[in-house]
Structures are given as C-alpha cells and as structure tokens.
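*Asks:* I have a structure here, written as structure tokens, and I will follow up with some questions on it.
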Amino acid sequence: MAYMAEKWFAKQLIQLLVLFGCTILVLADRGNYTISGLETNTLTADYTYGDGKSSDSANFGIFKQNWFMLRTSTLLFKRYTTAQYNDGAILNTNLTQDIKTRHESESYYGTDVWFAGHRNGESSVNDPDTQDIANYRAGVAWIHDQLAKDEKYLTDNTRFWYSVVPI
C-alpha cells in the first residue's frame, strides 16, 4: 500500500490549527508535516480507533504515535501504564498535545531511536537499525526534501508519493 503526502494538506492543517487554537508557525516544521502526511491521507485522526491496535501498540493522533512511546517519553503520559492506553485518545482531538508529545518523545529518545520506536514500537527502540526502519526514514526524508524545494508545495495541489510497507 502506498502512502501519499499531498501538499494541499497544508491548507487542512492550517484549518485544524485554527480550530484547535494553535499557532500557524508549526507549518515551518516540515518534519511534523512530513510524518503526518506519510501516516495518514487526510492529516486527521479519523482512522480506526487505536489504528486497530491495543495496549502499547495502539496509535493516536495525526502522527499515529504508539502508546509505548507516549507513555515512556512524554510528560502528559509518563505516569500511565500499558493498560491505560485508551487515555491516548486525547491526541485524536487535541492537535496541540499531539504535536507537543511528538516533539517530547523525539527529544527524549533522540531522532534515530525515535524513528525506530515510532515505526515499530518497543522492539525497535531496542533494535533501531533494521532495513524497515531505514526505508521508513528514507520516505520521510524524501518527502521532506520535496517540500523544501519550493514553498509553493506547502499550499498547492502538488502530490508526492513514496511507497512504505504498512505494519
């Protein structure tokens, strides 16, 4: 299955940011935009609850952050247990917290381990150098590079495609 990152998503993200009272400056962080564009086709969290997963594997928010990474690396969820994964659903409706926890988690783990854990949870935190994780990072980097080539790609209908095997 191919995931797509569409530049017109920037308009939707602006609408979401306004809706949630966020600053539009977050668009300057193409890393957020690239990751969410690769994870969802609509830049929303209207996918199957938990992404069809439970416990530490459950995903929340537009970045599809997994519960293991959230509860082990963010102030908001640090005191929670594996069984309390349903509390992560707040990220599905609170974009500010979704963005904040993504950055806290990456800061806590460092970029390399964060990408691994974001892609495949705890097992990849312990083994971050797999080909699958390298492929995922290459996809995010490629989309980021396309966006960086011209600011117009943040607001027009140009589409960039990168195939990443879903897990």
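Here is a yes/no grid of residues against (1) within 19 Å of Lys64 (Cβ to Cβ); (2) outside any helix (DSSP H, G or I); (3) not hydrophobic (A, V, I, L, M, F, W, C):
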site: Gly117; (1), (2), (3): yes, no, yes
site: Asn120; (1), (2), (3): yes, no, yes
site: Ser124; (1), (2), (3): yes, no, yes
site: Asp129; (1), (2), (3): no, yes, yes
site: Ile133; (1), (2), (3): yes, no, no
site: Gly139; (1), (2), (3): yes, no, yes
site: His144; (1), (2), (3): yes, no, yes
site: Tyr162; (1), (2), (3): yes, yes, yes
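*Asks:* Another one. Mind checking which residues of segment 90-125 are among the aromatic types (Phe, Trp, Tyr), under 18 Å from Leu76 (Cα atoms) and surrounded by 20 or more Cβ atoms within 10 Å (Cβ to Cβ)?
*Replies:* Residue satisfying the conditions is Trp114 alone.
Read-outs: derived from the displayed coordinates by stated rules, not from any lab. On a predicted model such as this, the values are computed, not experimentally measured, just so you know. Heads up, the Cβs are rebuilt from the backbone with ideal geometry, glycines too, and the neighbour counts pull from every protein chain shown.
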